[in-house]
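Let me begin by presenting the structure, written as structure tokens, before commenting on it.
Nothing in this text is a laboratory measurement; each read-out follows from the coordinates by a stated rule. The structure displayed is predicted, hence computed values, not measured ones. When we count neighbours, we look across all protein chains shown, and the Cβ atoms used for this are built from the backbone with ideal geometry, even at glycine.
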């Protein structure tokens, strides 16, 4: 009877250990930036801000500027392609810039801020920005 309890105990521990498994982790940022979404499985968003530029005598904005800084947490060199898009409150895309490539050495944080700006007629409808960074193969 004691051998049977020990066998069930070992079997129970084995089942628990096998079910716990390893969780696959992508790289995400722990920081949150107001009205800025970030997606990447390779780099982190170190800093970001969105600023509306207004004329002193007008209430409406004449342009919007998005500033962002990336960090490579890996121990290897990566090249990422960055897409940035501005959206209105209903999730409709107003403006985008795509395919900007950045080379980042391992454990490196960019020294300056990258800037994307928009000054079109729909600038006052912008509510959020989205930054998407994916690794690309070097040519």
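Here are the numbers for this structure:
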| quantity | calculated |
| --- | --- |
| The stretch 66-84: number of residues that are buried (at least 19 other Cβ atoms within 10 Å of the Cβ) and outside any loop (DSSP other than H, G, I, E, B) | 7 |
| Some residue of the stretch 56-65 being more than 30 Å from residue 124 (Cα to Cα) and either in contact with a strand residue (DSSP E or B) (Cβ under 7 Å, 6 or more places away or on another chain) or buried (at least 16 other Cβ atoms within 10 Å of the Cβ) (or both) | no |
| In the stretch 103-116, the residues that are assigned to a strand (DSSP E or B) and surrounded by fewer than 16 Cβ atoms within 10 Å (Cβ to Cβ) | 103, 109, 115 |
